[in-house]
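Notes for the one structure printed next.
Every read-out reported here was derived from the displayed coordinates using simple, explicitly stated rules and does not represent laboratory data. The shown structure was predicted, so the numbers you read here are calculated from the model rather than taken from an experiment. Cβ coordinates were reconstructed from backbone atoms using ideal geometry, including for glycine residues, and neighbour counts include every protein chain displayed.
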Ligand SMILES: Nc1ncnc2c1ncn2[C@@H]1O[C@H](COP(=O)(O)OP(=O)(O)OP(=O)(O)O)[C@@H](O)[C@H]1O
Ligand SMILES: [Mg+2]
């Protein structure tokens, strides 16, 4: 009986993982196919990867856009999120809870709602001043959804910090700004790094919100557009690379939170 | 000892958090080089008072004077005061050495090296190193300078917190229960250390504790507080020998506190007996509190005592026996160097000068 259970448990887990990962596995395998056919496989080496980087200018354009937006949005949301967290932390309790809930709401909101509402705002602004949907609007949108991730990674670090640490810095001769730079920031830096990595990951793979807020393609949008025309194996190669990049980022984030829970 | 000038003055300070009034019309002054202890039960407002002096809290009413000047608008980093916080507040991203060096690195070079004509980076570094090393030695933590502060015990952290504040040689050092996490032996050692540091460096100490013994051994002046109010200010001896009210008597050392009636000058009735005493100036038949220290109650033969009672319990306390003796109207705490078994009948005797008469606390409100 016990054995049966164990057996069932193993099978269940196996099936689940198969279901989750087989599509990705198929995609990765096909990215190494010789021909465009999806029916038969023969080893083609890095053919499609080569084509991706050397013969698909629009993909490289999209990659550049995606990375630029992700990096800038991460940096800006780190600044905004960290300052926000420090500010909220200094507020009175009831007020702080309210601000936290307000910041939490956009995270739980479906992307489509965020995307549509941002699009409406940009369109509205555009009727008064010239404000085309492109790089800038996409950047603003990404900052909007990235900032809460930083905020919520930094907040616990602030809570863990000794309540008198900031005052101790003032006591020893720091002005307020210096106390923040020399004491608070170093004490919460693990949270800032984790938040930044999360934000970067979110930016990298965002499709829905970018789709509504920009007319220039980022990678996800490009893949989507290409899929409508009929998918090229270069897209498999691209998706495989994105998958690996995200996987690495997530492993880093997990490792970091493991480390933190130990210390 | 201390000079006779007022360095810090709190004038009529009141402070509330929301509806709770934490300090009520507090009035004290602290002289240069004095060792002042704020003593009182948990929640009586000791930390709040220190925080007002340190500049982290603002009184609702009253004035804070430093050297005769109002310093209420001065931020903490401009006050010539350093604090040892109750929860240490060490910087966890820095090691022991860098925690202690933190304040020194913020000082101006000419402050650090006042006699040096040509100040170089290397000389500054050497001076900081010299001072940090001296502090580490003082708090007996030389072997730990490269350690992370997270890896220290509570007592070690406390010593680093003391070193970090003291290294700046402030005019006034505020210490909020700085020895609370130490074991008894280390605490006694550190008490002696702190006291001698204070005298050597000539720094004014404002020291918070709720341990009355610590207060008595270390302080020039003790400020006894309760419920946000100052109960009594004085040196250890005067507070111990002449407590102003029953709270002080009870808080400083063990006491027998009885309610009594002042029959006339030099005569008080309590516990069913008329005692001769040395107090006068009360109204006839005024209700008073009578305080007698346990060590002042003498155990004598049951035939010669002023009072006769039965021993209820006996505990050995190292030097003396602590007994409870019931004389019918009152159960006395008695310290005696001779053992009397529980159940035996003994006589009790008190000399007039050891009977302290105090006005009723309610009357002072
Ligand atoms: N920031 C604050 N907000 C609200 N109430 C406070 C605040 N700080 C202190 N209190 C209250 O003020 C009172 C006095 O606090 P304080 O910390 O001064 O006491 P304490 O004498 O230092 O006690 P302990 O010996 O336990 O440290 C307490 O009742 C406390 O709950
Ligand atoms: Mg306190």
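Values for this structure:
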{"item": "Among A:154, A:69, A:193, residue whose mean-square fluctuation peaks in a GNM of chain A (springs only between Cα atoms under 10 Å)", "result": "A:193"}
{"item": "Normalised contact order of chain B, rounded percent, pairs of Cα under 8 Å and 6 or more residues apart", "result": "15"}
{"item": "Cα gyration tensor shape for chain A, rounded if a/c is under 1.5, else prolate or oblate", "result": "oblate"}
{"item": "Ranked list, fewest to most other Cβ atoms within 10 Å of each Cβ, for A:48, A:43, B:332", "result": "A:43, B:332, A:48"}
{"item": "Whole-angstrom gap from the range B:301-337 to the range B:165-182, using each part's C-alpha centre", "result": "42"}
{"item": "Alpha-carbon centroid distance for the pair the range A:185-263 / the range B:1-68, whole angstrom", "result": "55"}
{"item": "Listed residues B:172, B:299, B:319, most fluctuating in chain B (Gaussian network, C-alpha, under 10 Å)", "result": "B:319"}
{"item": "Rounded tilt (10° steps) of B:96-106 against the dominant C-alpha axis of chain B", "result": "70"}
{"item": "Global geometry of the range B:43-201, whether rounded, prolate or oblate, following the gyration tensor of its Cα atoms and the 1.5 cut on a/c", "result": "oblate"}
{"item": "Residues A:12, A:166, B:97, sorted so that the one with the fewest Cβ neighbours within 10 Å comes first", "result": "A:12, B:97, A:166"}
{"item": "Pairwise centroid distance, computed over Cα atoms, of the range A:65-130 with the range A:1-61, Å", "result": "35"}
{"item": "Cα-based helix-to-principal-axis angle, A:93-108 vs chain A, degrees rounded to 10", "result": "10"}
{"item": "Contact order normalised by residue count of the range A:73-216, Cα under 8 Å, 6+ apart, percent", "result": "43"}
{"item": "Residue order, fewest to most beta carbons within 10 Å, for B:339, A:100", "result": "B:339, A:100"}
{"item": "Percent of Cα pairs exceeding the 15 Å cut-off, where the set is the range A:213-257", "result": "55"}
{"item": "The range B:162-236 - percent relative contact order, Cα under 8 Å, separation 6 or more", "result": "27"}
{"item": "Compactness relative to 2.2 N^0.38 Å, alpha carbon Rg of the range A:73-216", "result": "1.19"}
{"item": "Of B:77, B:207, B:240, the one that fluctuates the most in a GNM where chain B has Cα springs shorter than 10 Å", "result": "B:77"}
{"item": "Prolate/oblate/rounded label for the range B:179-323 (Cα gyration tensor, a/c 1.5)", "result": "oblate"}
{"item": "Rg and Dmax of the range B:254-359, Cα atoms only, in Å", "result": "13.8, 43"}
{"item": "Rg to Rh, two decimals, where the range A:1-76 supplies the alpha carbon set and Rh follows Kirkwood", "result": "1.24"}
{"item": "Surface/4 estimate of mean projected area, convex hull on alpha-carbon atoms of the protein assembly as shown, nm²", "result": "48.0"}
{"item": "Full-stretch length increase - residue B:125, residue B:284 - with 0.36 nm per residue and alpha-carbon distance subtracted", "result": "50.0 nm"}
